[in-house]
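To start, the structure itself, in structure tokens.
The values are calculated or read from the model by the stated rules, or taken from the named source; none is laboratory data. Model, not experiment: these values are computed from the prediction. With ideal geometry, Cβ positions are generated from the backbone for all residues, glycine too; neighbour counts draw on all protein chains shown. Protein only, heavy atoms only, side chains kept; ligands, DNA and RNA dropped before computing areas. Shrake-Rupley method; radii C 1.70, N 1.55, O 1.52, S 1.80 Å.
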Amino acid sequence: MDNGIYIALSRQLALFRDMAETTNNISNANTTGFQAEKMIFSAYLDQDNNSGDRNKMAFANDVSSYRYVQEGAKRVTGNPLDVALQGNNSYFIVQTPLGNRYTRAGNFSLDGEGKLVTPEGYPVLDTSGQALEFPPDTQEVIIGSAGNIKINGEDFGSIGVAQFENPQLLTQTFGGLYQSEVEPTIGNEETVRMSQGALEGANVQPITELTHMIDVSRSVGSTAKYIETIYDLQRKTTNTWTQQG
């Protein structure tokens, strides 16, 4: 196969992955606390063993992806159990069957046992790693800027906040949750800032993502056209040699 096709196919595969990331970002533009993913591309050189002068071939390589960790816009809801974090290194801690996970989404509620939970039903943990379980007679909930909770005017506890020196080490799992191999630091009243009655929206920029999707789509089309042209030239060359033979 022509080396140009190999190079074009490597670019096509990278574009497909880029399109998948962009599509996921757009589909989560209204997801609370969602953080957009971006692709990282580079070129790597490989030896052209068919070339007498050993030319190098540059292939497209989608090295990895990174999360855009800029805070999303805050939206006031007035719901006392909605909480928005400030600071792009802070995450709520939730308990799942697979272990503790981390999230920026603060759209919490109380389950039938009075536990503060995520929309998926995972308990939200306090600063000591225990589930926050509100008493049955809860009438008023006030959450301070440091995550400290008052129930019916009495001090109750504090929402646990995990803080990471490098948030890029978190890996996305499911439902807007992240996991980390690195143990986080538990925030305190000096490092934690949150707002009650508000939610952080996705940090996706829909217009930018749509524009990027159009650019990627055009690149996919032009690369496919190039591959088709190369194949057509090869077929014509093969037919010519066959006829002459």
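Taking residue 198 as the residue in question, decide whether it is surrounded by 14 or more Cβ atoms within 10 Å (Cβ to Cβ), modelled with pLDDT of 95 or more and closer than 15 Å to residue 93 by Cα.
Working: surrounded by 14 or more Cβ atoms within 10 Å (Cβ to Cβ): yes; modelled with pLDDT of 95 or more: yes; closer than 15 Å to residue 93 by Cα: no.
No, not satisfied.
Residue pairs whose Cβ atoms lie under 8 Å apart, sitting 6 or more positions apart in sequence or on different chains, and linking a residue in segment 193-206 that is on the phi > 0 side of the Ramachandran plot to a partner that is among the charged types (D, E, K, R) and buried (at least 21 other Cβ atoms within 10 Å of the Cβ), are 197/82.
Between 129, 112, 121, 175, which is modelled with pLDDT under 95, open to solvent by less than 70 Å² (accessible area, probe 1.4 Å), farther than 16 Å from residue 83 by Cβ and assigned to a loop (DSSP other than H, G, I, E, B)? If you could, list the steps in order and put the result at the bottom.
Details: 129 fails: modelled with pLDDT under 95; 112 fails: open to solvent by less than 70 Å² (accessible area, probe 1.4 Å); 121 fails: modelled with pLDDT under 95.
It is 175.
Return the only residue of 165, 181 being at pLDDT below 95, touching a helix residue (DSSP H, G or I) at 6+ places or on another chain (Cβ under 9 Å) and surrounded by fewer than 11 Cβ atoms within 10 Å (Cβ to Cβ).
Values: 165 fails: touching a helix residue (DSSP H, G or I) at 6+ places or on another chain (Cβ under 9 Å).
Checking each option against the conditions leaves just 181.
The set of residues in segment 23-77 that are modelled with pLDDT of 90 or more and part of a strand (DSSP E or B) comprises 74, 75, 76.
Suppose the filter is open to solvent by 50 Å² or more (accessible area, probe 1.4 Å) and modelled with pLDDT under 95; does residue 87 pass it? Working first, answer last.
Details: open to solvent by 50 Å² or more (accessible area, probe 1.4 Å): no; modelled with pLDDT under 95: yes.
For residue 87, the condition - open to solvent by 50 Å² or more (accessible area, probe 1.4 Å) and modelled with pLDDT under 95 - is not met.
Within segment 139-147, not a single residue is open to solvent by 20 Å² or more (accessible area, probe 1.4 Å), of a type outside the set (Gly, Ala, Ser) and more than 17 Å from residue 197 (Cβ to Cβ). Residues that are in contact (Cβ under 8 Å) with a residue 12 or more places away in the chain, open to solvent by 30 Å² or more (accessible area, probe 1.4 Å), in a strand (DSSP E or B) and not hydrophobic (A, V, I, L, M, F, W, C) are absent from segment 218-228 altogether.
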